[in-house]
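Just below is one structure, and these are the notes that go with it.
The values are calculated or read from the model by the stated rules, or taken from the named source; none is laboratory data. Owing to the predicted nature of the structure, the values given are computational and were not obtained by experimental measurement. Ideal geometry is used to build each Cβ from the backbone, glycine not excepted, and the neighbour counts take in all protein chains shown.
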Amino acid sequence: MYCNKCGSYIPSKRTVCSNCGAPVPDPNAPAPAVEPEPEKRPNGIAAGGLVMGILTLVFCWFPGIPFFTGVAGVLFSIAGILKKNARAKGVAVAGLILSVTGLGLSVFMLFVITIPGVTRYLAKAEEAKSYARTAGVVLRTLIM
């Protein structure tokens, strides 16, 4: 038999290691019971967060849609990260990153592309309205 602490040889019938003084375990004693790790459950909430994050990125150029999918993706991803004994926490983190990125891109699209385009369109419509008024006045004066 060999010592569990220092590894030196211990002759039989000894109760203490002659090299380090560690007690020798009884070879007839039962092995200590090892508790099994709790089983990890699937994390469907994290997968939902990832799907919502992907949808947020895909539809980030639509006004309005990514706000719903992005908020849902952030909420699902945070719930997936906080879930105990769950697998795929990396999926939840990826969903969170995609959701936040998609929300940022949709806000960028809204303020940089959509709003200036709409204001330009409204200005052109007002200009066209004034041309129509002018043309109407000219037609009325020509007819009378």
Residue list for the range 6-30, restricted to those being part of a loop (DSSP other than H, G, I, E, B), surrounded by 12 or more Cβ atoms within 10 Å (Cβ to Cβ) and either aliphatic (A, V, I, L, M) or touching a residue at least 24 places away in the same chain (Cβ under 8 Å) (or both): ILE10, ALA22, VAL24
Residue that is surrounded by the most Cβ atoms within 10 Å (Cβ to Cβ) [pool: residues in the range 66-84 that are aliphatic (A, V, I, L, M) and closer than 30 Å to VAL112 by Cβ]: VAL74
Which listed residue, of ALA94, ALA128, is free of Cβ contacts under 8 Å to residues at least 40 places away in the same chain and either more than 30 Å from LYS83 (Cα to Cα) or part of a helix (DSSP H, G or I) (or both): ALA128
Filtered residues of the range 60-77 (kept if in contact with a helix residue (DSSP H, G or I) (Cβ under 7 Å, 6 or more places away or on another chain) and closer than 11 Å to GLY49 by Cα): THR69, GLY70, ALA72, GLY73, VAL74, PHE76, SER77
Per-region count, the range 102-121, residues surrounded by 11 or more Cβ atoms within 10 Å (Cβ to Cβ) and either within 25 Å of VAL51 (Cα to Cα) or modelled with pLDDT of 85 or more (or both): 9
Condition check for ARG87: surrounded by fewer than 16 Cβ atoms within 10 Å (Cβ to Cβ), at negative phi and touching a strand residue (DSSP E or B) at 6+ places or on another chain (Cβ under 9 Å): yes
Members of the range 34-65 that are more than 21 Å from LYS89 (Cβ to Cβ) and crowded, with 17+ Cβ neighbours inside 10 Å: PHE59, CYS60
